[in-house]
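Nothing in this text is a laboratory measurement; each read-out follows from the coordinates by a stated rule. Since the structure is predicted, the reported quantities are computational estimates derived from the model, not experimental observations. Reconstructed Cβ throughout: ideal geometry from the backbone, glycine too, with neighbour counts over all protein chains shown.
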Amino acid sequence: MPAHDFSPVPGHTHARVLDSDGNPVITTTGLTKVYRSRGREVTALDGVDLHVREGEVYGVIGQSGAGKSSLIRCVNLLERPTAGTVTVAGQDLTALAGRGQRAGKELRQARSRIGMVFQHFNLLSTRTVRDNVELPLEILGKSGKERSRKALELLELVGLADQAGAYPAQLSGGQKQRVGIARALAGDPKVLLSDEATSALDPETTRSILQLLRDLNRQLGLTVLLITHEMDVVKSVCDSAALMENGRIVESGTVSELLGTPGSELASALFPVGGAATGEDRTVIDVTFQGEAATRPVISQLSRTYNIDISILGAAIDTVGGLQVGRMRIELPGRYEDNVVPVGFLREQGLQIDIVGEPQLAKEGAK
């Protein structure tokens, strides 16, 4: 697919909507990255448009090779894009000279306001915890007294004040990542980038690190862009999310918006439900509940109102961003044309309804 073709991928939901509640602090437009090696070209990013609003936690999810790491490295110009632009806090970084370690002065200054947390911590083994946190401040030319004060404040913030004199080898994986987060905050950034920050950690430690990122997001007003291949990460902390495939964003939006989008791959992955029809004369429906609707006995009301037997084939319920969300797959007796009225009843309750298999009559009824 050519890099200038930004149309949605057929068969996918393209749900990028920037609402009016927040200004975009990270924007990429037509972002393309092509790697060339030994006469071959590999397109890692293929015209990516991304909008991350101020103060939100935005997750980019996808399988290995989807382009996630290239995206986040292009956002802070560790990698220079082949084409397209990157704007952070109103500044076009792609207009500044240099890249990576050879960045010009203006780009270095811009990148000092963008924190970066890495998957494998990237701590210096010969430096103490406090010295690791001080490193960015040292590069910025801060005095020893100022560096020490700031490092201790940050270690207190991430819960490691008592480990200031320890060395990385003496720490657990979760503690090392907390040091990495403290170091990323040394320059008082407004944007924090997280490159698979929890993928090397056990589930319990992952939860504590994600909670820390959410707390920092709220306490410091940080805008957090994180990449991950773990759906639970999106479910736990993200306000918005995007799905990447083959270097393109094929679906994006707020989590609540995605959960209310018919056919959303991300919604289905966040709350997977299974179960197939027990016969040809059956209608299988996926019902998505959000907020108060998740606690109402809607299915039992449906059964009583229309005197029909309903089979529950699968269900999942959880809390996303403080909002209770659930999905349920149910089976109704009869074909879809026999269940137009019961399905309409469910839609009238404010529920998202997806007809499994989507017969033509169902598509027309949803319009």
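Is there a quick way to get the dipole size of the stretch 144-230? I mean about its Cα centre, with the Cβ of Lys and Arg at +1 and of Asp and Glu at -1; what is the value in debye to the nearest 20?
Numbers: 11 positive and 11 negative charges, 69 e Å.
Around 340 debye, computed over the stretch 144-230.
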For residue 356, the residues 5 or more places away or on another chain with a placed amide H closer than 5 Å to its own amide H are 284, 285, 286
Looks like the stretch 18-129, by Cα gyration tensor root eigenvalues a ≥ b ≥ c and the a/c under 1.5 rounded cutoff (else prolate when a/b is bigger than b/c, oblate otherwise), is rounded
Note on the stretch 154-287: alpha-carbon gyration tensor, axes a ≥ b ≥ c; rule is a/c under 1.5 for rounded, else prolate if a/b larger than b/c, else oblate; result prolate
Rounded to the angstrom and largest first, Cα extents along the principal axes for the chain equal 76, 49, 38
Computed over the chain: longest principal axis from alpha-carbon atoms vs helix 144-157 long axis, angle to nearest 10 degrees, is 20
About its Cα centre, the chain carries a charge dipole, from +1 on Lys and Arg Cβ atoms and -1 on Asp and Glu Cβ atoms, whose size in debye to the nearest 20 is 1780
Computed ³J(HN,Hα) along the stretch 75-82: with the Karplus parameters 6.51/-1.76/1.60, θ = phi - 60°, integer Hz and x for glycine or proline, the list is 4, 9, 6, 5, 10, 8, x, 6
Cβ density ranking, 10 Å radius, fewest first, applied to 331, 153, 292 yields 292, 153, 331
Between the residues 243, 174, 95, the Cα farthest towards the positive end of the dipole of the chain, that dipole coming from +1 and -1 charges on the beta-carbon of Lys, Arg, Asp and Glu, is from 95
The stretch 230-367: spread of alpha-carbon positions along the three principal axes, whole Å, largest first, is 44, 32, 26
Once the dipole of the chain is set up from charges on Cβ (+1 Lys and Arg, -1 Asp and Glu), the residue from the list 151, 252, 44 lying farthest towards its positive end is 151
HN-Hα couplings for the stretch 210-223 via Karplus (6.51, -1.76, 1.60; θ = phi - 60°), in whole Hz with x for Gly/Pro, come out as 5, 5, 4, 4, 5, 4, 5, 4, 7, 6, 9, x, 6, 8
A correct Karplus calculation of ³J(HN,Hα) over the stretch 341-346, with 6.51 cos²θ - 1.76 cosθ + 1.60, θ = phi - 60°, whole Hz and x for Gly and Pro, returns 5, x, 5, x, 4, 5
The chain, Gaussian network, Cα under 10 Å: of 69, 240, 148, the residue fluctuating most is 148
The size of the Cβ-based charge dipole (Lys, Arg +1; Asp, Glu -1) of the stretch 271-366 about the Cα centre, to the nearest 20 debye, is 220
Burial-style ranking of 58-66, 90-98, average other-beta-carbon count within 10 Å with highest first, yields 58-66, 90-98
Listed by chain and number, the aspartates and glutamates with an alpha carbon less than 14 angstrom from that of residue 142, same-chain partners under 8 positions apart left out, are 131, 134, 188
The simple spin-label model distance between residue 312 and residue 102, using points 7 Å out along Cα→Cβ, in nm, is 6.1
Computed over the chain: longest principal axis from alpha-carbon atoms vs helix 129-139 long axis, angle to nearest 10 degrees, is 70
For the chain, percent of DSSP beta bridges that are antiparallel (nearest 5) comes out at 70
